[in-house]
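Undergrad: Following this message is one structure expressed as C-alpha cells.
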Amino acid sequence: VLIPDLYGVIDMAAGSRHSVAIVGLDAQTDHQSNTRNGRVFTWGFGYWGELGQGDFEVHLLPTQVRGLDQSVAIACAAGDRHTIVLTTGRALSYRQDSRYADTIEILEHSGGRPLESQLRNQLTDAGLNPSALDDPDQPEPGQPGVEEKTCLPRPLPEPATRYCLDTIPSVDPNDLVMRSARRASYETVATCNPCKIQRICRACIRRCHHGHCLVPDFCRWAPGSDQCGCLRNGHCKAKWSAERAIFDNLVDQTHPSAEETISLDQLDHLLDLLHPDENLTEDDYDSAHVALRSSSRYINWFQFNKWHTPYFAEKFKQGAALSSYYGTSAIHHK
C-alpha cells in the first residue's frame with residue numbers, strides 16, 4: 001500500500017491493525033549529535049490507544065506522535081494492541097538542538113553580554129525560547145521523563161473522512177487534501193460485529209461505528225457499483241448533502257471542534273446561507289430559535305436537521321397549495 005507524503009523512513013513496523021514509522025534520522029547519524037530528527041508517526045486502528053495519539057480513533061494517514069515531539073527515536077515495534085518506540089535514552093538539551101546550537105556558540109565565544117540581547121531577540125523572532133541562553137545544558141521541555149505532558153489528540157476529523165465515501169461529490173484528483181477520499185480498485189473496509197454490517201467505508205468506521213468492535217479488511221472494490229455497507233443499511237450518520245456541507249463549513253469558520261457544533265447566535269446566518277433566494281420571514285427565524293433552544297447554546301447538524309427538513313418541507317407544501325389555489329381561482333374568474 002502506497003503511503004503518500006511520508007519520506008525518509010528509517011524504521012517501520014506493522015501490528016495487527018496499525019503501523020508505526022520513524023522518519024528523518026539518517027541511519028549513519030551519531031544519535032548523540034545535534035539533531036531533532038527521529039520523529040514517530042502512527043496510523044491505523046487505535047481502539048486500544050496503540051497509536052499514542054491521545055485518543056481511541058482510527059487515523060487513516062500517518063500522524064506524528066506529539067508526546068514524543070522532542071525525543072530522538074531510533075527503533076520501533078508494534079504488536080496486536082501496543083506500540084514500542086526506542087529513543088536515545090537521553091533528554092535533548094538546548095545545546096544539542098541544531099536550532100539553538102549556533103546561537104549558543106556565538107554567545108559563549110563573544111563573552112556573553114555584548115550580543116546577548118540581540119541573540120535573545122533573534123530566538124524570539126524565530127519562535128524559539130530565549131531562556132535557553134541562561135542554561136544551554138538544561139533539557140528542553142516536553143520530552144518524556146522531563147515533565148508531565150499529555151499527548152495531543154486530533155481535534156477535528158480528517159477532511160477526507162468527514163462524509164461517507166459513497167455520498168460525497170466527485171473529488172478533484174488535484175485536491176491533495178481530499179484525494180484519499182477517492183475510491184480505488186482496492187479499499188480498506190471493516191465489518192462491525194455489533195451492527196452486523198460488512199464492508200464499511202473508512203469514513204463510516206470513524207463517524208458511524210466509533211467504539212464498536214470492528215474487524216478491518218483490505219478487499220477489491222468496484223467504484224460505482226460497490227457501496228459502503230453502512231450507507232446501504234440505511235442508518236448512515238455520515239451522508240453528504242449540500243445542506244450539511246454548508247452547515248459544516250460554517251462550523252469550520254466559526255467554532256471548529258470535535259463536536260462540530262455552531263452557536264445559536266449563528267442560526268439566522270445559517271438559514272440565510274441555506275435559503276439565499278427565498279424571502280424568509282420573522283416566523284421562520286423565530287421557529288428555529290424556539291425549536292432549537294439549548295442550555296449549551298450550541299447545536300450539531302442532527303439537531304438542526306431534525307427541525308429544518310420537516311419545517312421547510314411543510315412550508316413549501318403550503319406554498320405550493322396556495323399557488324395552486326390562486327391559479328385555479330384565476331382560471332374560474334376568467
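Undergrad: So how much accessible area does residue 183 have, in Å² to the nearest 10, using a 1.4 Å probe?
TA: Estimated to the nearest 10 Å², residue 183 gives 50 Å².
Undergrad: With θ set to phi - 60° and the Karplus curve 6.51 cos²θ - 1.76 cosθ + 1.60, what are the ³J(HN,Hα) couplings of segment 87-97 in order, to the nearest whole Hz, using x for Gly and Pro?
TA: 9, 5, x, 10, 6, 7, 8, 4, 5, 7, 8
Undergrad: With the contact rule set at Cα under 8 Å and sequence spacing of 6 or more, what percent relative contact order holds for segment 204-299?
TA: Over segment 204-299, the number comes to 24 percent.
Undergrad: Per-residue HN-Hα couplings for segment 225-234, Karplus 6.51 cos²θ - 1.76 cosθ + 1.60 at θ = phi - 60°, whole Hz, x for Gly and Pro?
TA: For segment 225-234, the Karplus curve yields 10, 6, 9, 3, x, 5, 5, 5, 5, x Hz.
Undergrad: So what J values fall out for segment 14-24 if you push phi through Karplus, 6.51 cos²θ - 1.76 cosθ + 1.60 with θ = phi - 60°, rounded to Hz, Gly and Pro as x?
TA: Working through the residues one at a time gives 10, x, 5, 9, 8, 9, 9, 9, 10, 10, x Hz.
Undergrad: Also, I was wondering about something else. Could you state the principal axis extents of the C-alpha atoms in segment 180-331, from the largest down, to the nearest angstrom?
TA: That gives 62, 44, 27 Å along the principal axes, largest extent first.
The values are calculated or read from the model by the stated rules, or taken from the named source; none is laboratory data. Small disclaimer: the values here were computed from a predicted structure and weren't measured. Note: accessible area is taken over every heavy atom of the protein model, side chains too, but ligands, DNA and RNA are not part of it. Shrake-Rupley method; radii C 1.70, N 1.55, O 1.52, S 1.80 Å.
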